[in-house]
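First up is the structure itself, then whatever we jot down about it.
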Amino acid sequence: VAVDNLLEVNNIEVIYNHVILVLKGVSLNVPKGGITALLGGNGAGKTTTLKAISGLLASERGEVTKGSIKYRGGAIQHQDPAEIVKQGVVQVMEGRHCFEHLTIEENLLTGAYTRSDGNAAIQQDLEMVYNYFPRLKERRRSQAGYTSGGEQQMCAIGRALMSRPETILLDEPSMGLAPQLVEQIFEIVKSVNEQEGVTFLLAEQNTNVALRFAHYGYILESGRVVMDGPAKDLRENQDVKEFYLGMS
Ligand code: ATP
């Protein structure tokens with residue numbers, strides 16, 4: 001079966017501060033319309049991989065020193081973050097990063113600032129976001145800094161949606177959230193994927209939840225992909241069960 005890959009990461013190496021080699025030849029494919037999970041423990045290189053794709057490494061003194069990253073066939077590894085966003089790729093950072101002093105609705109609207117298709121379309125998308133996250137509608141006039149961790153995570157995803165992305169790079173959406181809320185957020189990611197056709201590449205330490213919602217997974221260890229496969233195969237794999245799912 002021919003797979004239409006939107007994003008192709010080919011054997012990349014990433015070095016921080018000119019000396020620290022963190023990614024040691026990572027390759028992965030992200031098919032259009034899918035949910036792809038990047039799994040692995042603390043420090044495995046998940047965030048670094050997402051930042052390499054979105055162009056955010058430079059601000060951390062990191063650089064891609066080998067390999068290529070292609071989006072819709074075009075090399076993007078030397079583009080700056082704004083150019084990459086323009087092509088439809090937006091990253092939701094770990095730790096959420098909402099503007100604390102703005103209201104939820106103001107935060108959502110900041111996601112639309114690069115758009116030039118006018119106010120009516122933006123208002124319509126605001127309703128679309130509120131449709132997926134009714135909780136954000138209830139909280140729209142609240143200052144983001146006073147909302148809960150779950151609401152801020154929703155706000156960060158909602159803000160990304162406001163730019164009408166083709167692909168969302170989602171870093172550790174489960175971080176710091178109660179299991180029930182994690183489940184809710186993943187359910188919403190799934191419906192955004194199915195109904196809006198948004199492609200997701202998500203980094204998760206929570207292997208269990210990620211493999212239930214993703215179609216395909218890559219497992220990173222110390223900057224290398226050590227295993228990959230369809231999510232349902234990984235869920236049944238003995239090593240994955242033992243080392244990542246906490247059962248044997
Ligand atoms: P986490 O879940 O903790 O974010 P991760 O899999 O996303 O883990 P990365 O954040 O990509 O891992 O980190 C991979 C390695 O790179 C770690 O050893 C980390 O210490 C190192 N690293 C990350 N950022 C920098 C930086 N700006 N400068 C130097 N080393 C860094």
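The values are calculated or read from the model by the stated rules, or taken from the named source; none is laboratory data. Quick caveat, the model's predicted, so the values are computed rather than measured. Positions of Cβ are backbone-derived with ideal geometry, glycine not excepted, and every protein chain shown enters the neighbour counts.
A compact table of results
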read-out: Residue within the stretch 22-35 that is within 9 Å of the ligand (Cβ to nearest atom) and at pLDDT below 95 present; value: no
read-out: The lone exception for Pro179 - which of (1) more than 26 Å from Ile84 (Cα to Cα); (2) at pLDDT 95 or above it fails; value: (2)
read-out: Options Ala44, Ala58: the member that is among the small types (Gly, Ala, Ser) and surrounded by fewer than 15 Cβ atoms within 10 Å (Cβ to Cβ); value: Ala58
read-out: All positions within the stretch 132-151 that are without any contact (Cβ under 8 Å) to a residue 40 or more places away in the chain, under 16 Å from Leu109 (Cα atoms) and surrounded by 13 or more Cβ atoms within 10 Å (Cβ to Cβ); value: Leu136, Lys137, Arg139, Arg140, Ser142
read-out: Selected residue (criterion: farthest from the chain's Cα centre (by Cα)) from residues of the stretch 36-69 that are among the β-branched types (Val, Ile, Thr) and more than 9 Å from the ligand (Cβ to nearest atom); value: Thr65
read-out: Residue pairs meeting the criteria (Cβ under 8 Å; at least 6 apart or on separate chains; first free of Cβ contacts under 8 Å to residues at least 24 places away in the same chain, in the stretch 52-76; second within 14 Å of the ligand (Cβ to nearest atom) and outside any strand (DSSP E or B)); value: Ile76/Ile53
read-out: Matching helices (runs of 4 or more DSSP H) fully within the stretch 126-196 where at least 1 residues are among the hydroxyl-bearing types (Ser, Thr, Tyr) and more than 13 Å from the chain's Cα centre (by Cα); value: 179-196
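Residues checked against (1) farther than 26 Å from Val240 by Cβ; (2) touching a Lys or Arg at 6+ places or on another chain (Cβ under 9 Å); (3) surrounded by 17 or more Cβ atoms within 10 Å (Cβ to Cβ):
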position: Cys155; (1), (2), (3): yes, yes, yes
position: Met162; (1), (2), (3): yes, yes, yes
position: Asp171; (1), (2), (3): no, yes, yes
position: Phe186; (1), (2), (3): no, yes, yes
position: Ala210; (1), (2), (3): no, no, yes
position: Tyr216; (1), (2), (3): no, no, yes
position: Glu221; (1), (2), (3): no, no, no
position: Val226; (1), (2), (3): no, no, no
